Amino acid sequence: MKYTLCAHSIYEEKPIGILDDLSSKEFRKLIKLFNISFDDGYRNIYTIGKKVFKNCSNKIYIFINPSFIEKKSTIWWFEIYDYIKDKDFIRFNYRGKEFFRETITSNQKINTYKELSHIFKNLDRKHQEELLTNLKNSISRNNYE
């Protein structure tokens, strides 16, 4: 019986974002030991995967999030990562509470990302959009297609 390893994303040389969790080199080693599944079906799984998945005898599962395909959808976890990575601090108000965190060090950025992720995961889509607007002080969204 082979076990399945779940990843979100595959990258060639170095991770681009916080969710890039499996390099093509690691994939080539792990596919010998595990079946591999990818959650959400990000584009890099197809672009990089075409080369990397060739001649694999193990199963590769790709779970596609239909809301990404059917309509424009905010990918808040990328948005908050991209917003935090270039900031020394973040400050915003949400539902009458002020949120302030220094984000100078890598650890501060990671901890702030985790804290915000926890908050976002407990909100419905409408309130995620509202919070993201307050965080970025903008209604504009990045295109992660």
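The values are calculated or read from the model by the stated rules, or taken from the named source; none is laboratory data. Quick caveat, the model's predicted, so the values are computed rather than measured. Because the Cβ atoms are built from the backbone with ideal geometry, glycine has one as well, and the counts that use them run over all protein chains shown. These accessible areas exclude ligands, DNA and RNA; they are computed on the full protein's heavy atoms, side chains included. Shrake-Rupley method; radii C 1.70, N 1.55, O 1.52, S 1.80 Å.
State yes or no: is F78 surrounded by 15 or more Cβ atoms within 10 Å (Cβ to Cβ), under 20 Å from E12 (Cα atoms) and touching a residue at least 60 places away in the same chain (Cβ under 8 Å)? If you could, list the steps in order and put the result at the bottom.
Details: surrounded by 15 or more Cβ atoms within 10 Å (Cβ to Cβ): yes; under 20 Å from E12 (Cα atoms): yes; touching a residue at least 60 places away in the same chain (Cβ under 8 Å): yes.
Yes; evaluated as a whole, the condition is true for this residue.
Note down all Cβ pairs under 6 Å where the first residue falls in region 119-145 and is without any contact (Cβ under 8 Å) to a residue 24 or more places away in the chain, the second is surrounded by 15 or more Cβ atoms within 10 Å (Cβ to Cβ), and they're at least six residues apart or on different chains.
I139/T133
Among S138, S73, which is the only one that is within 19 Å of D40 (Cβ to Cβ) and either open to solvent by less than 40 Å² (accessible area, probe 1.4 Å) or modelled with pLDDT of 90 or more (or both)?
Details: S138 fails: within 19 Å of D40 (Cβ to Cβ).
After ruling out the rest, the residue left standing is S73.
Please return the ranges of strands (runs of 3 or more DSSP E) entirely within region 35-145 where 1 or more residues are among the acidic types (D, E).
97-102
Could you identify the single residue in E102, E115 that is in contact with a strand residue (DSSP E or B) (Cβ under 6 Å, 6 or more places away or on another chain), farther than 19 Å from D40 by Cα and charged (D, E, K, R)?
Details: E115 fails: in contact with a strand residue (DSSP E or B) (Cβ under 6 Å, 6 or more places away or on another chain).
Selected residue: E102, the only one of E102, E115 that is in contact with a strand residue (DSSP E or B) (Cβ under 6 Å, 6 or more places away or on another chain), farther than 19 Å from D40 by Cα and charged (D, E, K, R).
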